[in-house]
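Q: The structure follows.
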Amino acid sequence: MSILVIIALQAGAVAGPVLPAPRKAPTGRRCPPTDTGDEVVVCGRSSDADRIGAIADYSRAMTLPKAQTHIAGVGTLSAEAGQGDVGGSPSRRAMIRLTIPLGGRRGD
């Protein structure tokens, strides 16, 4: 019986006191004073004050730009990294590739 009471007390326990939510700093904007009592002026905070800014789209895979440079009159030089399987163990490798076009330029 005492075990049930201990479990019931633990289930309702709070980790600590509930802290009030911090208030935002008031804005310097005030309602304009009205000279006549004929107009109804409604003043309030901006609706954008409580909005979260634009959130980046993390659903797309982020990739680094390709490490590639063009060599004038020769071709293209690029560097790549890869991983393959050699005999059941992973093999990491770095490759430097020089691409030289054959046949010269094509006329438009």
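The values are calculated or read from the model by the stated rules, or taken from the named source; none is laboratory data. Fair warning: this is a prediction, and the values are worked out from it, not measured in the lab. Every residue, glycine among them, receives a Cβ derived from its backbone with ideal geometry; neighbour counts consider all protein chains shown. The accessibility values were calculated without ligands, DNA or RNA, using every heavy atom of the protein model including side chains. Shrake-Rupley method; radii C 1.70, N 1.55, O 1.52, S 1.80 Å.
Q: If I ask for residues that are farther than 16 Å from residue 69 by Cα and in a strand (DSSP E or B), which ones from segment 84-100 would you list?
A: 84, 85, 86, 89, 90, 91, 92, 93, 94
Conditions tested, residue by residue: (1) part of a helix (DSSP H, G or I); (2) small (Gly, Ala, Ser); (3) modelled with pLDDT under 70; (4) open to solvent by less than 90 Å² (accessible area, probe 1.4 Å).
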position: 9; (1), (2), (3), (4): yes, no, yes, no
position: 33; (1), (2), (3), (4): no, no, yes, no
position: 36; (1), (2), (3), (4): no, no, yes, yes
position: 49; (1), (2), (3), (4): yes, yes, yes, yes
position: 62; (1), (2), (3), (4): no, no, no, no
position: 82; (1), (2), (3), (4): no, yes, no, yes
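Q: Looking at segment 64-80, which of the residues that are open to solvent by 80 Å² or more (accessible area, probe 1.4 Å) and modelled with pLDDT of 80 or more is farthest from residue 101 (Cα to Cα)?
A: 65
Q: What are the pairs with Cβ atoms under 9 angstrom where one residue, in segment 72-98, is on the phi > 0 side of the Ramachandran plot and the other, located anywhere, is part of a strand (DSSP E or B)? Sequence gap at least six, or different chains.
A: Going by the 9 Å Cβ cut-off, the qualifying pairs are 75/98; 75/99.
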